[in-house]
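Peer 1: Have a look at this one.
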Amino acid sequence: FMSIEIDILNGDAAWPQVKPLYDAIWPPEVVAGLPWAGITFAHADLRVLVQDETGEVVGHAGLYRRVVTWNGQKINVGGIGGVLTRADRRNQGLATVALNAAIQTFRHEDSINFAILFCAEDRIPFYASRGFTPFTGDVYVEQPQRGRVRFDALSALVHDIKRSAPTRGTLDLRGLPW
């Protein structure tokens, strides 16, 4: 058993600590071949950093606070994105630790109604087994030079926080996706 430390830090300030992990998992040549290549993503407001005993970041989840619309009604949500685990530390529960810390952070912020996460289709079972439910409606986002566009490069999943998360209808993130 290895000891780990969890920090929840300001998104921009923590980026230099997280960037090596992103670069290792998603180098440009890998991203170029993915369904979400060319999509502009938002920067995290907060970051969950999972660090090993040497202080190296081995796991990450980005947290996003956003006022979205669901069926035209404004609602505060929490976004979770960039869930990463270093290749040599996978299948040790670190992503689950990061996800749980993200959900707990949103639960402590009284204004977050539900969480939204986007993932590749092959990752849906992983998140479904951790309390996320597929959102089967339409999702819209903003993209530079393109304005409001339908977002279907990744699958949307939701998680109850303060209220039951909707699973159908139209979600508009009113900004960049995460």
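The values are calculated or read from the model by the stated rules, or taken from the named source; none is laboratory data. In this text the structure is predicted, and so the values were computed from the model without any measurement. When we count neighbours, we look across all protein chains shown, and the Cβ atoms used for this are built from the backbone with ideal geometry, even at glycine. The accessibility values were calculated without ligands, DNA or RNA, using every heavy atom of the protein model including side chains. Shrake-Rupley method; radii C 1.70, N 1.55, O 1.52, S 1.80 Å.
Peer 1: Considering only the range 80-106, how many residues are part of a strand (DSSP E or B) and of a type in the set (Lys, Arg)?
Peer 2: Initial filter on the range 80-106 (part of a strand (DSSP E or B)): 80-85.
This time we only want the ones that are of a type in the set (Lys, Arg), so: none.
Result for the range 80-106: 0.
Peer 1: Could you identify the single residue in Val48, Val30, Val83 that is in contact with a helix residue (DSSP H, G or I) (Cβ under 6 Å, 6 or more places away or on another chain) and more than 17 Å from Pro177 (Cα to Cα)?
Peer 2: Val48
Peer 1: Just to be sure, is Val77 farther than 29 Å from Asp172 by Cα and part of a strand (DSSP E or B)?
Peer 2: no
Peer 1: Can you run down the residue pairs with Cβ atoms below 8 Å, 6 or more apart or on separate chains, where the first is in the range 1-22 and without any contact (Cβ under 8 Å) to a residue 60 or more places away in the chain and farther than 19 Å from Gly93 by Cβ and the partner is open to solvent by 90 Å² or more (accessible area, probe 1.4 Å) and outside any helix (DSSP H, G or I)?
Peer 2: These pairs meet every condition: Gly11/His43; Asp12/His43; Trp15/His43.
Peer 1: Here's another thing I want to ask about it. Scan the range 107-132 and report the pairs whose first residue is in a helix (DSSP H, G or I) and whose second residue is among the hydroxyl-bearing types (Ser, Thr, Tyr), with Cβ atoms within less than 7 Å and a gap of 6+ or a chain change.
Peer 2: Sorted first by the residue in the range 107-132, then by its partner, the pairs are Glu121/Ser155; Ile124/Ser155.
Peer 1: If you don't mind, there's one more thing I want to ask. Looking only at the range 23-48, filter to residues that are under 21 Å from Ile116 (Cβ atoms) and aliphatic (A, V, I, L, M); which one of those is surrounded by the fewest Cβ atoms within 10 Å (Cβ to Cβ)?
Peer 2: Here the answer is Leu34.
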